[in-house]
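For reference, the structure is listed below as structure tokens.
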Amino acid sequence: MKLAEYKTRLVIVNLLIYIITWFFVLFAVLQSTWYYSVTRLENDMLQTSTNLNIYIQEKTAHLQNDDARATYLFSNSTDIYNVVMNYSNCTLELFNYDGLLLVYDSNNQEPTYMTQEYATCIARNQPVMSIRNNNGVKQLWVMAPILTKTSAIIGFAGMINPLNEAENLQWFLFALISVCGLVGLLVVFLASAQFSDSFIKPIQTLTKISDEINKGDYNQIITYKKNDEIGELTRVYNEMTQNINTVFNQLKNERQSLGDILASLDDGVIALTREGTLLTSNRYIKTYFDIIDPKTIEDFSEYEFFQEIFNSLREGKANVSKEVLINGRNLLIIGSPIKTSGIEENYLIIIRNITNEKLLEEEQRKFISSVSHELRTPLTTIIGYTDMLNRRQINDQKLLSSSLNTINKEGHRLVRLVDDLLNAHSLQDMSFSFYMEELDLNELVTDVVRQMRVKSISKEIEIQYKAVNDIPMIEGDYDRLSQIFINIIHNAIKFSSKGGVIDVVLTVEDEYLSVSIRDYGIGIDPAKKDFIFSAFYRVDEDRARHEGEGGAGLGLYIVKQIVDKHNGKISVDSELEEGTNITVKLPFKKEQEEDNSEN
Ligand code: ADP
């Protein structure tokens, strides 16, 4: 039922109750007024009859018997009538014992014979009263016996009284009560409308606020100042909405932090019900599987392993895992049940990206196989030569000396390899610390170039070095930075032909000091140049090994590690048979920046 309907019903019920009450009151008032008026008149008339009896009894006291008394009444009826009329307000008529009309008010009215009343009165021997309609006028008729002292009836007194006064009073009261009733009706109407409003308004507010709450606004408060039932209801309601608000906010915060946790996880997460409906999932589901907003396990039908894991979990397996390769990523899928109070209810599937671990594993595998290979080659040579020297009687001094030479060279190669390995290993170790100091790169490169010139003399290679003026200082480890340029220039010498030139140039570029080492040697195939910084990579393995000078492919790998540790950059530019240009860039702090940071 709508509240407006409720209001109308309330008003109508109030009005009905009022009208019924009003009718009862009207009825009671009119009836009691009528009864009172009639009784009063009746009493008056009975009093008149009593007076009449007393008068006659006095007047006839001296007479012998009741017949004489009856005769007296008959003879003196007019006198008696006149005397009694002096004390009475009603119209009087006197009858003898046989009902014969003796006297009446001939001046004012027609005689009334009251035949019916006479018959009843004589039969009952007591006064009789009736209400008569005489020519449209209501009258009260009383017929009373005239009694002697011995209680013998000698005649009858008929008394008539008009009832118009009582009727008028009734009409007046009817009009008065009606007018008051109508005014009361209006008052009751307005009051009950107002009263029902005072009930309905808070209920309307409650309804409106419930609507708002339904839409998710839990900050609503109802204002109702009275301390009645509605006030109590609104108080409870306000408390309830506040509690809901608090609980809602708590839930929201918890949900938010759970969402944050899920979002910040580095793993993909799916939580599922036994029926396969998704409870939650995070952004990695899109990243790894390109599935947007999945709802059930069916949404993963493209990836069969999900269904397999889900089935295994439903069969009761505690932990299920599987490695898969999806879109170039190695993913480890781990499924486990989520148990609530020991009862298995939902399932959690975690998707971990193990691509990097796989790569690392692969690199380590390659590294170990490369190291074993690199160590094996010189060792095989050494063992081969020593076996040969052992087996044969060596008289040939020349063969002996060349064999020992080879053994020595391979021994040195082994030492170099072990040094390089140690170097590479120490650079990878996170705990390895650099001795960082402010240094002049120009001075450092000049030093290295001087050192390397000694080595290049045998190949008649000229190393030219140029540096711009005003070179800023940089932060770096002197020995490690020297190692960079030693390794690069060493390669440049190694891969240049006899009599060649190597250009070393130091310049300033933006926030970097740039050192480029350019040779005009054999160059590198551009398709392969990006691999030269990987461990154990050699562009041309056979040649490197045959040339004897070939390292294990760790030189530039070490260079790259040191450059990275100095937050620098390294790049290579090369063409086959045209030479190679390797550029190392090391950052320096700009004056302005220093000033700013000091501020
Ligand atoms: P290695 O210690 O064997 O010299 P590096 O890591 O220093 O190994 O170099 C890797 C490979 O890059 C070399 O084997 C060579 O093939 C190529 N390379 C490096 N520098 C040059 C260069 N200046 N000219 C031609 N090839 C080069």
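Okay, here's what the table says:
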read-out	value
Per-residue HN-Hα couplings for segment 353-362 [Karplus 6.51, -1.76, 1.60; θ = phi - 60°; Hz; x = Gly/Pro]	7, 10, 4, 5, 4, 5, 4, 4, 4, 5
Cα gyration tensor shape for segment 413-567, rounded if a/c is under 1.5, else prolate or oblate	oblate
Solvent-accessible surface (1.4 angstrom probe) belonging to R283, in square angstrom, nearest 10	130 Å²
For segment 327-367, with +1 on Lys and Arg beta carbons and -1 on Asp and Glu, the positive-most of I349, L360, L332 along the dipole	L360
Inter-part distance where segment 408-464 and segment 130-161 are each reduced to a Cα centre, Å	158 Å
Alpha-carbon centroid distance for the pair segment 171-219 / segment 259-331, whole angstrom	61 Å
At most 10 other Cβ within 10 Å, DSSP loop - GluC sites (Glu not before Pro), segment 268-316	E275, E302, E315
Among L94, I122, V137 - extreme Cα towards positive end, dipole of segment 82-186, charges at beta-carbon	I122
Accessible area per residue, Å², the chain with all protein chains present, probe 1.4 Å	61 Å²
Per principal axis, descending, Cα span of segment 266-425 in whole Å	88, 28, 28
Over the chain: helical MRE at 222 nm, DSSP H runs n ≥ 4 each giving -39500 (n - 2.57), nearest 500	-18500 deg cm²/dmol
Signed unit charges on C-beta, dipole axis of the chain, positive-most listed residue F306, S369, L10	L10
Within the accessible area of the chain (1.4 Å probe), percent carbon and sulfur	52 percent
Cut-off under 5 Å, modelled amide H: who pairs with I471 long-range	none
Three-way shape label, segment 553-593, alpha-carbon gyration tensor, a/c 1.5	oblate
Net lengthening on full extension, S32/K322 (0.36 nm per residue, minus Cα-Cα)	94.1 nm
Note, ³J(HN,Hα) from phi for segment 86-99, Karplus 6.51, -1.76, 1.60, rounded to Hz, x at Gly and Pro	5, 9, 10, 9, 8, 7, 10, 9, 10, 10, 8, 4, 8, x
Those trypsin sites (Lys or Arg not before Pro) in segment 1-97 that DSSP places in a loop and that have at most 16 other beta carbons within 10 Å	K2
Dimensionless Rg ratio for the chain, taking C-alpha atoms and the 2.2 N^0.38 Å reference	2.65
Solvent accessible area, Å² - C180, 1.4 Å probe, full protein context	80 Å²
Sites matching GluC sites (Glu not before Pro) across segment 1-109 that sit in DSSP coil, with at most 14 neighbouring C-beta atoms within 10 Å	none
For D105, residues with placed amide H under 5 Å, excluding near neighbours	L92
Longest exposed-site-free window of the chain, the sites being chymotrypsin sites (Phe, Trp or Tyr not before Pro) in a DSSP loop that have at most 12 other C-beta atoms within 10 Å	1-431
Test item: Cα-centred dipole of the chain, Lys/Arg +1 and Asp/Glu -1 on Cβ, debye	1320 debye
Test item: Cα-centred dipole of segment 149-294, Lys/Arg +1 and Asp/Glu -1 on Cβ, debye	440 debye
Label-to-label distance, nm, for residues given as V501 and V415 (7 Å Cα→Cβ offset)	3.6 nm
Under 30 Å from K201, Cα to Cα: lysines that are on another chain or at least 8 residues apart	K2, K7, K215, K225, K226
³J(HN,Hα), Karplus 6.51/-1.76/1.60, whole Hz, each residue of segment 209-217, x for Gly, Pro	5, 4, 4, 4, 5, 4, 7, x, 9
Segment 1-76 versus segment 336-403: alpha-carbon centroid distance in Å	133 Å
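The values are calculated or read from the model by the stated rules, or taken from the named source; none is laboratory data. Predicted, not measured: the structure shown is a model, and the values here were computed from it. When we count neighbours, we look across all protein chains shown, and the Cβ atoms used for this are built from the backbone with ideal geometry, even at glycine. What goes into the accessible areas is simple: the full protein's heavy atoms, side chains included, and nothing from ligands, DNA or RNA. Shrake-Rupley method; radii C 1.70, N 1.55, O 1.52, S 1.80 Å.
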